[in-house]
Amino acid sequence: MTLNLYFLRHGETTSSQTGTFCGRLDIDLTSHGYQMAHQFAEAYKDVSWTAIFASPLHRTMATATPLSKLINLPIQKRDGLKEIAYGEWEGKTPAEVNQQFHDDYVRWLADPGWNAPSGGEKGIDIARRSSEVLEEIERTFTTGNVLVVSHKSTIRIMLCSLLGIDIGRFRDRIGMPVAAVSIVTMSEHGPLIEVMGDRSHLNQDLRDRYGT
């Protein structure tokens with residue numbers, strides 16, 4: 001058997017609707033976001049789950065909870081799975097950030113791996129802290145199915161790290177809509193991406209709500 005990592009981005013929030021930088025703001029899911037969480041749980045409840053890991057922020061915990069309750073498996077919170085800290089940009093739109101923090105914004109767009117949002121985190125910092133969680137999972141579980149519930153940027157950075165993609169290109173190489181599932185198999189040959197950004201567990205109305 002192999003170890004399968006299921007990366008799930010949290011359901012829809014008001015920030016994913018509007019496109020504002022959310023980061024560490026501890027906001028809730030929308031009503032549609034809760035529907036997404038329940039539809040994921042119903043679709044994936046029959047997987048033989050080994051463990052559930054999640055960012056401790058409210059939107060990720062709310063996304064992981066329906067499956068946790070259905071299968072009676074506790075959620076293991078890890079700070080390393082939190083979203084990128086956007087610092088002074090949090091709660092602002094890209095247009096507002098471009099106006100108020102233009103130079104930092106241009107540098108971040110060019111290479112978010114090595115340039116941080118004003119007062120926030122670099123991509124390499126997120127790669128470092130999230131990789132510690134993935135290493136813990138690999139040490140603890142050599143086989144099985146592990147769910148990792150996290151955030152848009154953090155999941156994209158973890159996937160880049162696993163697949164050998166430059167961290168600075170995480171925004172350009174990998175899309176990750178709300179409630180999307182990506183599956184990576186950890187085999188003897190290294191990480192293998194099996195599924196990327198799948199939302200087939202959602203009904204058509206929710207799939208049409210793309211979200212950013």
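Out of Ile52, Ile75, Ile27, Ile71, report the one residue that is of a type in the set (A, V, I, L, M, F, W, C) and within 28 Å of Asn98 (Cα to Cα).
Answer to the check: Ile27.
Any residue in the range 42-64 that is surrounded by 14 or more Cβ atoms within 10 Å (Cβ to Cβ) sitting within a Cβ distance under 6 Å of a residue that is acidic (Asp, Glu)? List the pairs, counting only those 6 or more apart or interchain.
So the pair list comes out as Leu57/Asp26; His58/Asp26; His58/Asp28.
So which helices (runs of 4 or more DSSP H) stay within the range 1-81 end to end and still have 2 or more residues that are farther than 26 Å from Ala95 by Cα and at pLDDT 95 or above?
Those helices (runs of 4 or more DSSP H) span 31-44, 58-71.
Out of (1) surrounded by fewer than 17 Cβ atoms within 10 Å (Cβ to Cβ); (2) under 19 Å from Gln35 (Cα atoms); (3) of a type outside the set (A, V, I, L, M); (4) modelled with pLDDT of 95 or more, the odd one out for Glu132 is which?
Of (1) surrounded by fewer than 17 Cβ atoms within 10 Å (Cβ to Cβ); (2) under 19 Å from Gln35 (Cα atoms); (3) of a type outside the set (A, V, I, L, M); (4) modelled with pLDDT of 95 or more, only one is false for Glu132: (2).
Could you run through the range 61-91 and say how many residues are within 16 Å of the chain's Cα centre (by Cα), closer than 19 Å to Glu12 by Cβ and among the charged types (D, E, K, R)?
Going through the range 61-91 one residue at a time, the tally reaches 2.
Only residues in the range 22-41 that are in contact (Cβ under 8 Å) with a residue 40 or more places away in the chain and farther than 19 Å from Leu147 by Cα count as the first member; pair them with residues that are among the aliphatic types (A, V, I, L, M) and surrounded by 16 or more Cβ atoms within 10 Å (Cβ to Cβ), Cβ under 6 angstrom, at least 6 apart or cross-chain, and list the lot.
Gly23/Ile84; Gly23/Ala85; Arg24/Ala85
Checking Pro112 against (1) of a type outside the set (Lys, Arg); (2) buried (at least 21 other Cβ atoms within 10 Å of the Cβ); (3) closer than 30 Å to Ile71 by Cα, which single condition isn't satisfied?
(3)
What are the residue pairs meeting all of these: first residue in the range 136-157, first residue at positive phi, second residue modelled with pLDDT of 95 or more, Cβ atoms under 7 Å, and 6 or more apart or on different chains?
Taking only residues 6 or more apart or on different chains, the pairs are Gly144/Leu3; Gly144/Thr50.
Tell me yes or no: at least one residue of the range 10-27 is in contact with a Pro (Cβ under 9 Å, 6 or more places away or on another chain) and of a type in the set (A, V, I, L, M).
No - not one qualifying residue is present in the range 10-27.
Give the residue that is nearest to Arg156 (Cα to Cα), with candidates limited to residues of the range 66-92 that are among the charged types (D, E, K, R) and without any contact (Cβ under 8 Å) to a residue 40 or more places away in the chain.
Here the answer is Lys77.
I need every pair where a residue in the range 93-107 that is assigned to a helix (DSSP H, G or I) has its Cβ under 9 Å from the Cβ of a residue that is exposed (fewer than 14 other Cβ atoms within 10 Å of the Cβ) and at pLDDT below 95, sequence separation at least 6 or different chains.
Hits for this filter: Pro94/Gly19.
Does the range 183-201 include one or more residues that are of a type in the set (A, V, I, L, M, F, W, C), in a helix (DSSP H, G or I) and under 17 Å from Phe53 (Cα atoms)?
no
Looking at (1) at pLDDT 95 or above; (2) buried (at least 20 other Cβ atoms within 10 Å of the Cβ); (3) assigned to a loop (DSSP other than H, G, I, E, B), which is the one condition that is false for Gly211?
(1) is the only condition that Gly211 fails.
Among the listed residues Ile126, Ile174, Ile183, which satisfies the condition of being within 25 Å of Leu29 (Cα to Cα), among the β-branched types (Val, Ile, Thr) and without any contact (Cβ under 8 Å) to a residue 40 or more places away in the chain?
That would be Ile174, the only listed residue that is within 25 Å of Leu29 (Cα to Cα), among the β-branched types (Val, Ile, Thr) and without any contact (Cβ under 8 Å) to a residue 40 or more places away in the chain.
Working only within the range 138-152, note down all residues that are crowded, with 20+ Cβ neighbours inside 10 Å and assigned to a helix (DSSP H, G or I).
Across the range 138-152, the qualifying residue is only Lys152.
In the range 165-191, how many are out of contact with any helix residue (DSSP H, G or I) (no Cβ under 9 Å at 6 or more places or on another chain) and modelled with pLDDT of 95 or more?
2
The values are calculated or read from the model by the stated rules, or taken from the named source; none is laboratory data. Every value quoted in this text rests on a predicted model; they were computed, and no experiment measured them. With ideal geometry, Cβ positions are generated from the backbone for all residues, glycine too; neighbour counts draw on all protein chains shown.
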